[in-house]
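The structure under discussion appears below in the form of structure tokens.
The values are calculated or read from the model by the stated rules, or taken from the named source; none is laboratory data. In this text the structure is predicted, and so the values were computed from the model without any measurement. Note: ideal-geometry Cβ built from the backbone for every residue, glycine included; neighbour counts use all protein chains shown.
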Amino acid sequence: MCGIVGAVAQRDVAEILVEGLRRLEYRGYDSAGVAIIEDQQLERVRRLGKVAELADAIALSPVPGGTGIAHTRWATHGEPSERNAHPHISAERIAVVHNGIIENHIALKAELTAKGHVFASDTDTEVIAHLVFEELKTAATLLEAVQKTVVQLTGAYGTVVIDQQDPERMVVARSGSPLVVGLGIGENFVASDQLALLPVTRRFMYLEEGDVAEITRRSVDIYTNTGEKVAREIHESNVSYDAADKGPYRHFMLKETYEQPQAITNTLEGRLGNDSVLDETFGNGASDLFKKVQHVQIVACGTSYHAGMVARYWLETYAGISCNVEIASEFRYRKSFVQPNSLLVSISQSGETADTLAALRLAKELGYLGSLTVCNVAGSSLVRESDLAFMTRAGAEIGVASTKAFTTQLVGFAMLTLAIGKHHGLSTEQQKELVDALKTLPRKLEETLELAKSIEALAEDFADKNHALFLGRGDQYPIAMEGALKLKEISYIHAEAYAAGELKHGPLALIDAEMPIIVVAPNNDLLEKLKSNVEEVRARGGQLYVFADAASHFKSDNGMHVIQVPAVHPWLAPVVYTLPLQLLSYYVAIIKGTDVDQPRNLAKSVTVE
């Protein structure tokens, strides 16, 4: 995910900017750059690849100056290259960094080209720099120029602008892509995430939707999109961050479980309009491709396969597109029929999963319409070799048992469903309903994590158990599968998952007082069917552990323990109901005394067949 850092100070800021970028590296990117003003001279340094490449270039040729901006870019418009890296400039005067997508950049570019502007990149961002330069011809200040510019932009943006001829200030604007202002003593900062600024300040103001702010060394003036000056609350942060540091958590798995609300906030950032998902989120040409798609073939392994199974329900229910899901190691070793106008979607946390990568390469020979990967690692093989890529932005996941990588994959598929669905009959009203639900998801996950203490107590019941059965119906069946996988991965308890309607076709033979049965039971259109399956278990003396919301009307009694989960839109229940199962597997593993973060025989990235 793109990262922004900016500073206005008396001291040289290059090291501050580069360190800020380092702290945002976990988000994924393909290039990095800085632009700094010194004595009304604008100097820009950009490099393809890691922040270390940029740091080395600056070390060899230092860039002094007290006002500067920096950026790490993940390509959406234009290939990864130095010419497409941020910052972008206009007339050697205006420099801009930007997160998000400018949807109307093609029309704006045509207008600017007609006025004589020459574009040096393939990005949507460059139009902002040229627009600001144009507005400065009549605007009295940089602030006014930026205010006049942003009203011309359609899409999502968090942007920072500096002017060589006005080196004492930055102007920032936010719409759909977060920005935070860091407050220092005689210096001020801006970033896309407070983590970038923790070495220089602990005091922050969060810009709200539509805000435009003028930042100097000694002042921060914030204006709404109507031009009204406003004050934003100052927050004191006590956050400490290191991707390889467990912080206050006993294990990385627990830390990463609790990071999910923020991880999903990052996944959504800058990708949602008021009532739709921005097609460009998936890369250049996504919109044209999605219009042609009539079928989706998903290939993945392990946890990612479960995400694909949920996606099948969503794509067929909401997007009206047929979908198949297959384990990558099976897909690559059988003859398959390619449906007309099929999109091949691969899923992998690492982007290097050998079977999934081989399946992608095979698909390219079979005549698929195109390929898309849902992945957490920028620059990985799957990302490089797919036509389109959706970066989940989960951040570094150290624990072998996937937590936030899985839920961010689910959110990625939710957005893919909307992006394809709007080209295949999903109404504007339906899109808005589902987008609004997505926007509430991080808060719902925070509420769900409050169940940790009750789940920890429940885990005691599993201390002497060697087997467990997970049940779900519809799009909760893959969540039951994921819950079973987590329990077996880290506690070494044999666990299986079944579609609850299959109980009478064999699994009922396993039911007794020693077999815990875990049920995911949101209030959806399959609830009454699921209740019948639960009664089948109770009639045979099974010990039930039911995760359900209040509207499902389950009650704890002898033989049934009910854990009340926050109510959520049925569409997103699979994401919310994943968290209690992660917590259950974690606390059971603690009781069993296993190595939670590095379970035996398993690896984080499976790069062999």
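Table: residues versus (1) assigned to a helix (DSSP H, G or I); (2) within 18 Å of Y587 (Cβ to Cβ); (3) small (G, A, S).
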{"position": "E460", "(1), (2), (3)": "yes, yes, no"}
{"position": "L469", "(1), (2), (3)": "no, no, no"}
{"position": "Y477", "(1), (2), (3)": "yes, no, no"}
{"position": "E482", "(1), (2), (3)": "yes, yes, no"}
{"position": "K488", "(1), (2), (3)": "yes, yes, no"}
{"position": "A495", "(1), (2), (3)": "no, yes, yes"}
{"position": "E502", "(1), (2), (3)": "yes, no, no"}
{"position": "E514", "(1), (2), (3)": "no, no, no"}
{"position": "L530", "(1), (2), (3)": "yes, no, no"}
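In the set (1) surrounded by 23 or more Cβ atoms within 10 Å (Cβ to Cβ); (2) over 27 Å from the mean Cα position of the chain (by Cα), the condition left unmet by R332 is number (1).
Number of residues in the stretch 91-100 that are buried (at least 24 other Cβ atoms within 10 Å of the Cβ) and touching an Asp or Glu at 6+ places or on another chain (Cβ under 9 Å): the value is 6. Of all residues in the stretch 362-420 being outside any loop (DSSP other than H, G, I, E, B), of a type in the set (K, R) and under 19 Å from the mean Cα position of the chain (by Cα), which is modelled with the lowest pLDDT? Checking each candidate, the answer is R384.
Considering (1) out of contact with any strand residue (DSSP E or B) (no Cβ under 7 Å at 6 or more places or on another chain); (2) buried (at least 24 other Cβ atoms within 10 Å of the Cβ), the lone condition that E433 does not fulfil carries the number (2). Within the stretch 532-562, the residues that satisfy the criterion of being surrounded by fewer than 19 Cβ atoms within 10 Å (Cβ to Cβ), within 20 Å of K504 (Cα to Cα), out of contact with any helix residue (DSSP H, G or I) (no Cβ under 7 Å at 6 or more places or on another chain) and touching a residue at least 12 places away in the same chain (Cβ under 8 Å) are R538, G541.
Within the set K444, K465, K488, the sole residue that is closer than 20 Å to P580 by Cβ, out of contact with any strand residue (DSSP E or B) (no Cβ under 9 Å at 6 or more places or on another chain) and among the basic types (K, R) turns out to be K444.
With respect to the conditions (1) touching a Phe, Trp or Tyr at 6+ places or on another chain (Cβ under 7 Å); (2) farther than 20 Å from L572 by Cα, D475 falls short on a single one, namely (2). What pairs can you find where one residue is in the stretch 507-526 and farther than 16 Å from G483 by Cα, the other is buried (at least 19 other Cβ atoms within 10 Å of the Cβ) and modelled with pLDDT under 85, and their Cβ atoms are less than 8 Å apart, with a gap of 6+ or different chains? Within 8 Å, the pairs are L508/V537; I511/V537; I511/G542; D512/G542; A513/G542.
No other residue among S552, S532 is of a type in the set (G, A, S) and under 34 Å from the mean Cα position of the chain (by Cα) apart from S552. Do the conditions hold for L197, that is, is it buried (at least 19 other Cβ atoms within 10 Å of the Cβ), more than 17 Å from I69 (Cα to Cα) and among the hydrophobic types (A, V, I, L, M, F, W, C)? Considered against the rule, which asks whether it is buried (at least 19 other Cβ atoms within 10 Å of the Cβ), more than 17 Å from I69 (Cα to Cα) and among the hydrophobic types (A, V, I, L, M, F, W, C), L197 comes out as no. In the stretch 447-458, the residue that is farthest from K255 (Cα to Cα) out of those that are in contact with a strand residue (DSSP E or B) (Cβ under 7 Å, 6 or more places away or on another chain) and in a helix (DSSP H, G or I) is L458. The set of residues from the stretch 184-224 being of a type in the set (D, E, K, R), under 15 Å from G20 (Cα atoms) and either free of Cβ contacts under 8 Å to residues at least 40 places away in the same chain or assigned to a strand (DSSP E or B) (or both) comprises just one member, R202.
Here the stretch 157-192 is the region considered, the condition is being of a type in the set (A, V, I, L, M, F, W, C) and in contact with a helix residue (DSSP H, G or I) (Cβ under 7 Å, 6 or more places away or on another chain), and the residue that is surrounded by the most Cβ atoms within 10 Å (Cβ to Cβ) is A191. Within the stretch 109-124, if we keep just the residues that are without any contact (Cβ under 8 Å) to a residue 40 or more places away in the chain and not in a helix (DSSP H, G or I), the residue that is surrounded by the most Cβ atoms within 10 Å (Cβ to Cβ) turns out to be H117. If the condition is being farther than 22 Å from K444 by Cα and either touching a His at 6+ places or on another chain (Cβ under 8 Å) or in a loop (DSSP other than H, G, I, E, B) (or both), then the stretch 556-575 contributes S556, N558, G559. Residue count for the stretch 461-470 satisfying the condition of being in contact with a helix residue (DSSP H, G or I) (Cβ under 7 Å, 6 or more places away or on another chain) and at pLDDT below 95: 4. Look at A452 and say whether it is in contact with a helix residue (DSSP H, G or I) (Cβ under 8 Å, 6 or more places away or on another chain), modelled with pLDDT of 95 or more and surrounded by fewer than 23 Cβ atoms within 10 Å (Cβ to Cβ). For A452, the condition - in contact with a helix residue (DSSP H, G or I) (Cβ under 8 Å, 6 or more places away or on another chain), modelled with pLDDT of 95 or more and surrounded by fewer than 23 Cβ atoms within 10 Å (Cβ to Cβ) - is met.
Can you tell which of G379, G370 is out of contact with any helix residue (DSSP H, G or I) (no Cβ under 9 Å at 6 or more places or on another chain), surrounded by fewer than 24 Cβ atoms within 10 Å (Cβ to Cβ) and in contact (Cβ under 8 Å) with a residue 24 or more places away in the chain? After ruling out the rest, the residue left standing is G379. For the stretch 579-595, the count of residues that are under 28 Å from Q430 (Cα atoms) and out of contact with any Pro (no Cβ under 7 Å at 6 or more places or on another chain) is nonzero.
Let's see how each residue does on (1) part of a loop (DSSP other than H, G, I, E, B); (2) buried (at least 22 other Cβ atoms within 10 Å of the Cβ); (3) touching a residue at least 60 places away in the same chain (Cβ under 8 Å); (4) more than 19 Å from the chain's Cα centre (by Cα):
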residue	(1), (2), (3), (4)
T226	yes, no, no, yes
D245	yes, no, no, yes
M253	no, yes, yes, no
Q262	no, no, yes, no
T267	no, yes, yes, no
G270	yes, yes, yes, no
N284	yes, no, yes, no
K291	no, no, yes, yes
R312	no, no, no, yes
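Selection within the stretch 236-274: residues that are of a type in the set (D, E, K, R) and at pLDDT 85 or above. The member of this set that is farthest from W74 (Cα to Cα) is R250.
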